[in-house]
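Heads up: the structure comes next, in structure tokens.
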Amino acid sequence: MSELISLREFARRENCSDTLVRRAVKQGRLVLSDGGKLDSRLVGTAWREANAKGANTANTSANSSQGVRSSQFAPDDDANRSLEDTARSMIASGAVPDRDYAEALRIKENYLALLRQLEYEQKSGQLIELGLAKGVLFECARAARDAWLNWPARVGPLVAADLGLEADRVTEVLTEHVHKHIQQLGEPEGDFSAES
């Protein structure tokens, strides 16, 4: 027969600190009853091994070998059961891979390291926001287009003087060709997904 014991009593029987027990409860490796207590049958199980080794499978097998299931200690309210059912169905469907604690912790640490690297690169000026890069590209393309549109009026009279032709006609022909060229170029588009 099982008895419900306090977190302190559980820690005393496990010969560990109650902080470690509270952390295990917070991480879901130990489940409290409705009264905020732990089942005494969990003393001596593999819940501590899951801390660094990712022994959730060992924890489950140790509990089941003792006739203890985690669902026996979970609160009986529908919200928690539906959340667990949702998590199981997501794992079963492959939407969320089933990982042990150590693997999940490793993945989390890797992503946190990548986020820190991005923050560093942004603060050091090596990385800029995509919106800013698109804005700079657009402004450069507009400046180039405006320079080309003004070019025939500036160069046309000089070419006409060198060739002995009518300045208005040369400017008109150059303007027509520049407009065709700009239309062929189209809108500026940058491929920001490619690695440099």
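The values are calculated or read from the model by the stated rules, or taken from the named source; none is laboratory data. Source: prediction; values computed, not measured. Heads up, the Cβs are rebuilt from the backbone with ideal geometry, glycines too, and the neighbour counts pull from every protein chain shown. Note: areas computed on protein heavy atoms with side chains; ligands, DNA, RNA excluded. Shrake-Rupley method; radii C 1.70, N 1.55, O 1.52, S 1.80 Å.
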Practice task
Among the numbered conditions (1) touching a Gly at 6+ places or on another chain (Cβ under 9 Å); (2) over 30 Å from Gln126 (Cβ atoms), tell me where His181 comes up short.
Solution key: (1)
Fill in the blank from the handout: The condition from (1) touching an Asp or Glu at 6+ places or on another chain (Cβ under 9 Å); (2) at pLDDT 85 or above; (3) surrounded by fewer than 16 Cβ atoms within 10 Å (Cβ to Cβ); (4) among the acidic types (Asp, Glu) that Glu109 misses is numbered (1)
Problem - Which numbered condition Leu137 fails, given (1) open to solvent by less than 100 Å² (accessible area, probe 1.4 Å); (2) within 19 Å of the chain's Cα centre (by Cα); (3) modelled with pLDDT under 90 - result: (2)
Exercise for the section: Can you tell me which residue within region 1-52, out of those that are basic (Lys, Arg) and more than 29 Å from the chain's Cα centre (by Cα), is most open to solvent (accessible area, probe 1.4 Å)? Expected result: Arg8
Completion exercise
Checked region 120-139 for anything of a type outside the set (A, V, I, L, M, F, W, C) and touching a residue at least 24 places away in the same chain (Cβ under 8 Å); matches are Lys134
Completion exercise
Residues in region 182-196 that are modelled with pLDDT under 75 and part of a helix (DSSP H, G or I) total 0
